[in-house]
1. I'm trying to understand the selection: among the residues of segment 201-223, which are buried (at least 19 other Cβ atoms within 10 Å of the Cβ) and in a helix (DSSP H, G or I)?
2. Can you go through ARG199, ARG152, ARG206, ARG254 and tell me which one is among the basic types (Lys, Arg), closer than 23 Å to LEU121 by Cβ and within 16 Å of the ligand (Cβ to nearest atom)?
3. Taking segment 88-106, which residues are closer than 27 Å to VAL66 by Cβ and among the basic types (Lys, Arg)?
4. Return yes or no: is THR188 touching a Lys or Arg at 6+ places or on another chain (Cβ under 7 Å), polar (S, T, N, Q) and within 12 Å of the ligand (Cβ to nearest atom)?
5. Checking ALA177 against (1) over 26 Å from LEU65 (Cβ atoms); (2) assigned to a loop (DSSP other than H, G, I, E, B): exactly one of these is not met. Which one?
6. Given the residues ASP196, ASP172, which is the only one that is free of Cβ contacts under 8 Å to residues at least 60 places away in the same chain and within 24 Å of ARG277 (Cα to Cα)?
7. What about MET180, is it away from the ligand (no atom under 11 Å from the Cβ) and within 24 Å of ALA119 (Cβ to Cβ)?
8. From the list GLN216, GLN259, which residue is closer than 30 Å to LEU79 by Cβ and touching a Lys or Arg at 6+ places or on another chain (Cβ under 8 Å)?
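Each value in this text was obtained by applying a stated rule to the coordinates, not by laboratory testing. The model shown is predicted, which means the values in this text are computed figures rather than measured ones. For neighbour counting, all protein chains shown are included, and Cβ atoms are generated from backbone atoms with ideal geometry for every residue, glycine included.
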Amino acid sequence: MRQRRNPTCSHDGFHEPPPDATFNTGPVTPHSCSIAGMNEQPKPSTDSTTHFGFRDVPVGEKQKLVGEVFTSVARSYDLMNDLMSFGIHRLWKRHFVAISGVRRGDRVLDLAGGTGDIAALLKPVIGETGEVVVGDINAAMLGVGRDRLTDRGLVSGLRWTQLNAEALPFPDNSFDAVTMAFGLRNVTDKDKALADILRVLKPGGRLLVLEFSKVQSELFGKLYDFHSFKVLPKLGQLFAGDAHSYQYLAESIRKHPDQQTLKSMMERAGYGRVEVRNLSGGIVAIHRAYKL
Ligand SMILES: C[S@@+](CC[C@H](N)C(=O)[O-])C[C@H]1O[C@@H](n2cnc3c(N)ncnc32)[C@H](O)[C@@H]1O
């Protein structure tokens, strides 16, 4: 069996995390949530608190809690993605890359790219002359992703960097495109991340965000809620030995800004030509925005 490498070691191809990043291991703190409370309008967080699923937590704590979720689910993440979405996440991701406008020779930053799914799809598009920098805050997710891609022979033209999307360790104007699939939802200060992504994009470069969003049909929404709050935690318990992380997943989706709100946030951050595309009835949406 191939020896797994320690993703936190900079000598092993990973870059040191920024000093403000916190990385944690250990179980997720159990918390309760009722399906009845799910449709309540999110209470605005105060300056010192933010949402972690349906809970309000101190701003400084969210990153640690999110870290615990992904450290806990890293090994079972791919299997769970297939089970939870009936494999449809693969189609969403393929479509995401297909409409990204990324070209041969481009330099792309794939944020929250832990599993390497997006990087693997981008690699044939950018070819030998391009580069994908995979950035993620979580060492366990990065480790799993890099091992998977290495096992598939995908090594050259890929860099794996442990980072916080809120404080990117790159110079201004350094990427043709930034992709972020199912990551923005987990970031504590989304406005800060959007601003820093804009900074590192080259003029004319684009940001693509694939994220869970608001389901458009009421009836479909009810089915989806049942799946999210009744089925997902059970699947999590059964296949990952962790119901709470999948409860967090369902809750964090409900707390994430809907299509129009995220579009406005991008415009406020300074992006131009912001477009939104719903997939699967709004279960997920792709936002594409440009640095003009
Ligand atoms: C749901 S996974 C998505 C992984 C992959 N992009 C995919 O689509 O399969 C979310 C990822 O976001 C990462 N993440 C959470 N907060 C982050 C932050 N502030 N900066 C960078 N990555 C972050 C987590 O560590 C995790 O790997």
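1. Matches in segment 201-223: none.
2. ARG152 is the lone residue from the list that is among the basic types (Lys, Arg), closer than 23 Å to LEU121 by Cβ and within 16 Å of the ligand (Cβ to nearest atom).
3. Answer for segment 88-106, where residues must be closer than 27 Å to VAL66 by Cβ and among the basic types (Lys, Arg): ARG90, LYS93, ARG94.
4. yes
5. (2)
6. ASP196
7. In short, no.
8. GLN259
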